[in-house]
C-alpha cells in the first residue's frame, strides 16, 4: 500500500513550487492593460494638446490678420486724410497721452514731459481737425514725437472701433459673422501712432520715417455674456513720406534741351542741367519765344530785386503795366545758344545774358528772367530709380508697379505677373502712383548722347488716342521717349490753380510776412498771359482756378528717356526728363503746390506715405 502511494506520488509530474506561481498570467495581463490604458490616455492628451496648439495657432493667425487690416486702414488715413476708410473724428482720438523728450536738440531718448497743449508742449495737430494731413514736420504740433507708452494719438473709442471692426469684418457689432455677436469673434482694441524709430547715426539721433503705427487686436469668446480673450496680437508699421522731388517749375531737363517752337512755359522755373551749350531755341525774336516775367536786377536768380526799396520803385513806375508771366524764369546750367536780341541782351556772355534795363522794360520786352552758366543751381531733381521702384513694388492703395516688359507688344504686367497692359491702358484717366519699369528691370543706362539704352519702346499719343492722366497722378516712366502729337482732344478737362502773387522775401524764409512788399495784379481769365499790375489791395496767397481743356498730364511725370513732344499738348504740374527735344509748342503750367509741400493735396487719391517696415509680435 505504501509502495503504491509512493508510486502515485512519484508519477504525478508536479514541478516543485508550481503552486506558488498560480495567477501570474492574470497579473501580467492586468499590468499590460494598465500600461496600454496609460499610453492611450497619454496619446489622447498629446492629441488634445496638439489640437489646442493648432487652435491657438489658428486663433493667433486670425487675429494677426485683423491687426494687419487695422494697420492698413491707419496707413490709408495718412494717404486720404480728408476721406480715408473709416477716418476717425477728433472726438474719437485721445491726444492727451503724448509725452515729449525735453532734452536739448537731438534728444537723449528719454520722454519726460507731458504735452499739455501749452506753448512748446503742443499736442499733435491740436489746432486742426485733419490729424493725418501733411506736413508731418517741422513744428512740435506737426511732428510725431511721442513713444510707445505715451503716443501722440491713441484710439480706444468703443464706438469708433466697433464701426471700424464692423466695416472690416462684417456688419455685426465688431464680430466675424453677421448679423449678431457670435460666440467667437475678432476685433481691433487699440490703435496708437507715435514717433518713428530713432537711431543714432554718426553720433546724431536720426528719425527713420514719419510715424509708427501700432495696432492691437484680439479674438474673443463670449460665454454667458462674459468675454474671454483667446488670442491677442500686435503689429507695428513704420510709414515714410513719399517725396516727390520736382523742382520749382513745370519743366526740368537732366541733360540737354532743344526747343523748336515758342518756349511756352508758365508759372514757374524751367531748368536745364548739363554741359555748356545745353539749351537751344530756334532763332528769332527772343521776346516772342520766351515769356517776360518779373525783372531781376541783381544777377541772382533767387530774388526779383536787391532791396525792398527797388521793388517799391519798380511798382510805382510800372503801375497798370502788363506782365506776361510774373513767375517764369529759365535756369541753364551751361550756355544758351541762339540768343539774338541786341536790344535786350546787352551782355550775351554773362550769367544773366539779358539784364534788367528800367528804360527798356515794357512788360513784354524784358528777358532778365533768363540765366545761364548756373551750374548746380540748375540741378535736376533726383528721382532715384531704386527708391521709387521699391515703393512701387511694396504696393498699397493707389500704388502700382508695372514690370516684365514685352517689347513685341509694348506692354507691362501689373506687379510683374498680372495681365499685360499698355501704358495707356494702365494710366489713362487714372490717379495714383505708377512705376513703369525698364525693358530689363535694371536702372537706366545712357550713351554719350544721353539716350537711354535699356528703356522701353517710345510712346506717343495724338488726339485719336485720347490719353491723359487722372487728377494729381504721379508717373515714373522708363521709356526711350514720350510725347504728344498735334492738338485737338488729347487728354481731359482739368482745373489749374494759379500761383499766389509774387513778393519780396525780406527775411529769406520763403514765406510772405506782414510788411513785405508784393506785386498786386489782376489775373487774366482762362489761359491768357496778361497780368495787369495794380497799386494797393491785399496779397492773394493763391490765384484763381481756371478750367482748361485737352490736358494730357495733371500731376508729375519723371521720364528716364527723352521728352520729345511734337504737338501742342498741355501739361499741368511738372515734367522732369533726362533729355528734352521738343519740335513744336507744348504748353506747360506749374502747380505751385509741388514746391510748397502741399502736393498731392489732401483730397487727392495719390498716396502720401508708404510702409517701410512691418514688425509682428513674437508668440
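Taking the numbered list (1) assigned by TED's automatic domain parsing to the domain that holds residue 520; (2) farther than 18 Å from residue 368 by Cα; (3) surrounded by fewer than 16 Cβ atoms within 10 Å (Cβ to Cβ); (4) modelled with pLDDT under 80 in turn, residue 300 passes all entries but (2).
The criterion of at least 1 residues that are within 21 Å of residue 254 (Cα to Cα) and touching a helix residue (DSSP H, G or I) at 6+ places or on another chain (Cβ under 9 Å) is met, among strands (runs of 3 or more DSSP E) falling completely within the stretch 405-496, by 433-436, 459-461, 473-477, 481-484. Condition (residue is surrounded by 14 or more Cβ atoms within 10 Å (Cβ to Cβ) and not in a helix (DSSP H, G or I)) applied to the stretch 64-81: is it met by at least one residue? Within the stretch 64-81 (the criterion being surrounded by 14 or more Cβ atoms within 10 Å (Cβ to Cβ) and not in a helix (DSSP H, G or I)), the answer is yes, since at least one residue qualifies.
Within the stretch 490-508, the set of residues being on the phi > 0 side of the Ramachandran plot and either surrounded by fewer than 16 Cβ atoms within 10 Å (Cβ to Cβ) or at pLDDT 90 or above (or both) comprises just one member, 508. Taking the listed residues 46, 31, the one that is at pLDDT 75 or above and under 30 Å from residue 231 (Cβ atoms) is 46, with no other qualifying. Among the strands (runs of 3 or more DSSP E) confined to the stretch 551-619, the ones with at least 3 residues that are farther than 26 Å from residue 378 by Cα are located at 609-616. Scan the stretch 140-162 for residues that are modelled with pLDDT under 95, crowded, with 21+ Cβ neighbours inside 10 Å and over 10 Å from residue 194 (Cα atoms) and the total you get is 1. Where strands (runs of 3 or more DSSP E) fall wholly inside the stretch 197-246, the ranges with 3 or more residues that are free of Cβ contacts under 8 Å to residues at least 40 places away in the same chain are 198-201, 226-241. Can you spot a residue in the stretch 574-585 that is outside the structural domain of residue 438 (by TED's automatic domain parsing) and either at positive phi or at pLDDT 90 or above (or both)? No. Residues in the stretch 372-404 that are in contact with a helix residue (DSSP H, G or I) (Cβ under 8 Å, 6 or more places away or on another chain) and either part of a loop (DSSP other than H, G, I, E, B) or under 27 Å from residue 257 (Cβ atoms) (or both): 396, 397, 398.
Check whether at least one residue in the stretch 583-590 is closer than 25 Å to residue 393 by Cβ, touching a residue at least 12 places away in the same chain (Cβ under 8 Å), surrounded by 23 or more Cβ atoms within 10 Å (Cβ to Cβ) and in contact with a strand residue (DSSP E or B) (Cβ under 9 Å, 6 or more places away or on another chain), and report yes or no. There is no residue in the stretch 583-590 that is closer than 25 Å to residue 393 by Cβ, touching a residue at least 12 places away in the same chain (Cβ under 8 Å), surrounded by 23 or more Cβ atoms within 10 Å (Cβ to Cβ) and in contact with a strand residue (DSSP E or B) (Cβ under 9 Å, 6 or more places away or on another chain).
Out of the residues in the stretch 221-247 that are within 16 Å of residue 577 (Cβ to Cβ) and crowded, with 20+ Cβ neighbours inside 10 Å, which is farthest from the chain's Cα centre (by Cα)? Going through the qualifying residues, I end up with 247. All told, residue 137 falls short of being in a helix (DSSP H, G or I) and either surrounded by fewer than 20 Cβ atoms within 10 Å (Cβ to Cβ) or not assigned by TED's automatic domain parsing to the domain that holds residue 208 (or both). Only a single criterion out of (1) closer than 30 Å to residue 476 by Cα; (2) assigned to a loop (DSSP other than H, G, I, E, B); (3) touching a strand residue (DSSP E or B) at 6+ places or on another chain (Cβ under 7 Å) is not satisfied by residue 351, namely (1).
The values are calculated or read from the model by the stated rules, or taken from the named source; none is laboratory data. As the structure is a prediction and not an experimental result, all values here were calculated from the model. Every residue, glycine as well, gets a Cβ built from its backbone with ideal geometry; the counts of neighbours run over all protein chains shown.
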